[in-house]
Every structure is written in C-alpha cells, then in structure tokens.
Amino acid sequence: MKKNLMGMTLPQLEEFAESIGEKRYRGKQLFEWLYRRRAGEFEVMSSFSKKTREVLNASGSIGSLRLTGDTQSHGDGTRKFLFELEDGKRIESVLIPPSTAFDSRNARNEEEQRRLTLCVSTQVGCALDCTFCATASMGFLRNLTTGEIVDQLIRVSEISGRKITNLVYMGMGEPLMNYDHVMDSTEIISTAMDIAARRITISTAGWVPRIRKMAEEKRKMKLAVSLHSLDDGTRSLLMPINRKYPLPALMEVLAYYYKLTKLRVTFEYILFDGVNDGEADLRRLVKLARTIPCKINIIPFHTIDFVRPTGLSTTLRPTPGERADQFVRSLRDANVTVFVRSSAGEDITAACGQLAVRHPELSRTMHYKSASHSR
Ligand code: SAH
C-alpha cells in the first residue's frame, strides 16, 4: 500500500524515510521538496539518486485532489474550485482577490492591495447546523486529512499561477472540530510555504475547549469567532452550538485566550434584518469591544436559497444597506474597530456560508436548485 506523503509533518517524513531504508535526514529533504519546492512527483527530486526515487515511487504518492470545477465570478474575480477527494467526496476552495477581501475603504495600503487570500475547507460538510449556512445542508461527512488541507493551497497556487499571501480556514466545516489536522497543516504551511502564522486565520463557531487548547499551545494564527448575536436565546436559534457553549463560556475562554496569547480576536457578525441589528445589539457589541480586545467584521448575509432551507432559515433576511451602514457608523463612532466584508463571489455561490456540494449519500429530500451545484 503506497503512503500518501502530502500532509506529512517533518517527524512523520523522517519516520517514513527510515521505513524505506533511508537515512533520517532524507525526511527533511522530502519535506523541502514537497512543501517549499512543491514538487508534484518524485522524478524531479534531484537530491535523491535514481534508485531512491524508484523506491519512493514504489512506496509513496503525492497528493490526491482532483480538480472537477473551476468557476470565476464575473463581478469581482473571485474564483471557486471544486475538488474531488480520493473517496469521491467533494469540497470547495475559494480564491479571493485583494480589493474584495475586505471593503475597499479598508484596503488603504499597498500590502492590502497585494493580498490574495485562499479560503480552505477543513471538513466535508459540517456537523454544527447553523441555520444561515449552506454547508449545514450537507450534514457532516468526514474530516479532511492534513494532506487534503495543504493540497488545496498547493493546487490552487499551481492552477491559478498566483502567489497566495493569506489563508483563511473559513470554507466548509468547523476547523476546531478537526483540530489536529488543521494545526498540522498550519505548521507545515507556516514553516515551509511562505505564509506566516499571522497571515493565517482560523474561524470557529465557538468550540470552547479547543479555543482554550489553542491558547495554551500559544498558537500564533489569528482567531476569528462567528458571533452573530450577543443574546443567548437568539444565538442559540441561529447557532445550535450556543446551547453547548453559551456566550458566558465563550467570553470567558476568549478573555483567557487574550491573556495567554495577547492576540486580538476577530468577531464575525452577519447582520440579519430585525434579528440582531437593533439598538440593544449595538450596545452589547460596544460593551464587548471594551471588554475583550477585538476587531469586528460585519458580513452581509448571503442567500442560501439554492439549498432550499427550511424552518427559521427561510425567515432570515439581510439588513437593508442603509441601516447596515448606520449600524457600522454607530460602531465606529463608539471607537470599535470594525471592517465590512464584501460579498465577493456571491454570483457563483462562493461567498461566506454559500459552500455546499451535493453528495449522492445525502438524503434524497435535499435538492439543490442551482445548476452549479447539481453535479
Ligand atoms: N465553522 C467556521 C468556519 C466556516 S463559516 C465558523 O463558523 O466560523 C465562515 C464564516 O461564514 C463564518 O463567520 C460564518 O458565520 C459565515 N457564514 C455562514 N453562512 C453565511 C451566510 N449565509 N452569509 C454570510 N456569512 C455566512
């Protein structure tokens, strides 16, 4: 049985080298070839003898993602990639161009203009069932391996021919429920692939024990927390995870996180008309910003009608533009650091929360309206 080397950490590659009768330091060479030089095949690994390359070919393979879709937004250049995994399951990754990664008003300096962000998936589907998110309609199929996460970056760089400068773990899935593979992937990417930990963002719906773990391990990545409401009742309706880890527990762990890491968290906040966009909500956010050092990202609500949602989700509407602007202005007036996320890629259902892929093993009752999702 060939071992897939993609996603192996340095110690794992050293062990692999020994297992095929090579010296341990060969593992380090493999690590460099795989990740720094992004060699897609053993043939090009010129630091190995022909014989060693043959042994490598017989005992190992590199990567497994198969590109089956590549759609570009007409509006803003956002590009969505559909990959098939070895077991036939499918995931999406989204490449977000600089001017749209954040509202252009915020992209002041050159560095921000050069930013090219890749949004990666961490699971096939998701178990958390947030009412407003398209991925929830898939249910949870499985965790991605470390290799499948790293390979999204390698393949998208290769296919697009562009240098990716930032990485966000905001695609399908809850990254902190696939903790070890996610952390191994950030370790590989930040040590060998030229994206420093501070340019990597892990986004969580609020999996409290794993936030604590990230803090205690002093992880240097940025942490984003999907908040969406500071009222426990409302948040539980929007995000069932809030019943398991309610706001007080979440806030307590975030204070602890700041104490240990000194890193500001980013709160993501979708504005839902009449649900979380009132005066009281504003006051709670201002108070929060005074308690926990943070940034707030306001995200427009992107439609998920194409997955035919039921129940509460059918009643959710985006806050109309003028009122959303006013909400943001009021936060700024209160000296809260606030950014407005654009709706990059909405026309190709590649925007936040719109990622969903149809799988045959999913319930028959789930039909997708959009043609782009039907195969
Ligand atoms: N599970 C993680 C990461 C995936 S979701 C998390 O919850 O953070 C990435 C971001 O997209 C989250 O902030 C999520 O709340 C947001 N999102 C989900 N559905 C959305 C929608 N329909 N419109 C806008 N943003 C959405």
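The values are calculated or read from the model by the stated rules, or taken from the named source; none is laboratory data. Keep in mind that what you see is a predicted model, and the values were worked out from it rather than measured. Positions of Cβ are generated from backbone atoms using ideal geometry, with glycine treated the same way; all protein chains shown enter the neighbour counts. Keep in mind that these areas ignore ligands, DNA and RNA; they rest on the heavy atoms of the full protein, side chains included. Shrake-Rupley method; radii C 1.70, N 1.55, O 1.52, S 1.80 Å.
Within the range 127-176, the set of residues being open to solvent by 20 Å² or more (accessible area, probe 1.4 Å) and touching a Gly at 6+ places or on another chain (Cβ under 6 Å) comprises CYS133, GLY139, PHE140, LEU141, THR145. Would a scan of the range 319-328 turn up a residue that is within 15 Å of the ligand (Cβ to nearest atom), open to solvent by less than 10 Å² (accessible area, probe 1.4 Å) and either within 27 Å of TYR258 (Cβ to Cβ) or not acidic (Asp, Glu) (or both)? Scanning the range 319-328 turns up no residue that is within 15 Å of the ligand (Cβ to nearest atom), open to solvent by less than 10 Å² (accessible area, probe 1.4 Å) and either within 27 Å of TYR258 (Cβ to Cβ) or not acidic (Asp, Glu) (or both).
Among the residues of the range 191-215, those identified as open to solvent by less than 40 Å² (accessible area, probe 1.4 Å) and more than 16 Å from the ligand (Cβ to nearest atom) are ALA192, MET193, ILE195, ALA196, ALA197, ALA215.
Mind telling me which of the residues SER229, SER203 ends up being part of a loop (DSSP other than H, G, I, E, B) and modelled with pLDDT of 95 or more?
On the way: SER203 fails: part of a loop (DSSP other than H, G, I, E, B).
On inspection, the qualifying residue turns out to be SER229.
A count restricted to the range 350-365 and to residues that are at pLDDT 55 or above, surrounded by fewer than 24 Cβ atoms within 10 Å (Cβ to Cβ) and more than 10 Å from the ligand (Cβ to nearest atom) stands at 3.
Within the range 35-61, residues that are modelled with pLDDT of 95 or more have Cβ atoms under 6 Å from residues that are in a helix (DSSP H, G or I) and loosely packed, with under 11 Cβ neighbours inside 10 Å in no pair, counting only partners at least 6 apart in sequence or on another chain.
From the list PHE306, PHE267, exactly one residue is in contact (Cβ under 8 Å) with a residue 60 or more places away in the chain, among the hydrophobic types (A, V, I, L, M, F, W, C), within 13 Å of the ligand (Cβ to nearest atom) and surrounded by 15 or more Cβ atoms within 10 Å (Cβ to Cβ). Which is it?
Working: PHE267 fails: in contact (Cβ under 8 Å) with a residue 60 or more places away in the chain.
Unique residue meeting the criteria: PHE306.
The residue that is farthest from GLY206 (Cα to Cα), counting only those in the range 249-277 that are part of a loop (DSSP other than H, G, I, E, B) and in contact with a helix residue (DSSP H, G or I) (Cβ under 9 Å, 6 or more places away or on another chain), is ASP273.
Scanning the range 285-313 for residues that are modelled with pLDDT of 85 or more, part of a helix (DSSP H, G or I) and of a type in the set (Val, Ile, Thr) yields VAL286, THR291. One residue stands out in the range 289-302 among those that are surrounded by fewer than 19 Cβ atoms within 10 Å (Cβ to Cβ) and within 16 Å of the ligand (Cβ to nearest atom): the one that is nearest to ALA350 (Cα to Cα), namely PRO300. Filtered by the rule that a residue be surrounded by 15 or more Cβ atoms within 10 Å (Cβ to Cβ) and within 11 Å of LEU56 (Cα to Cα), the range 27-43 gives LEU30, PHE42.
Residues that are touching a Leu at 6+ places or on another chain (Cβ under 7 Å) and either part of a helix (DSSP H, G or I) or among the charged types (D, E, K, R) (or both) within the range 171-200 comprise GLU174, ASN178, HIS181, ILE189, ARG199, listed in sequence order.
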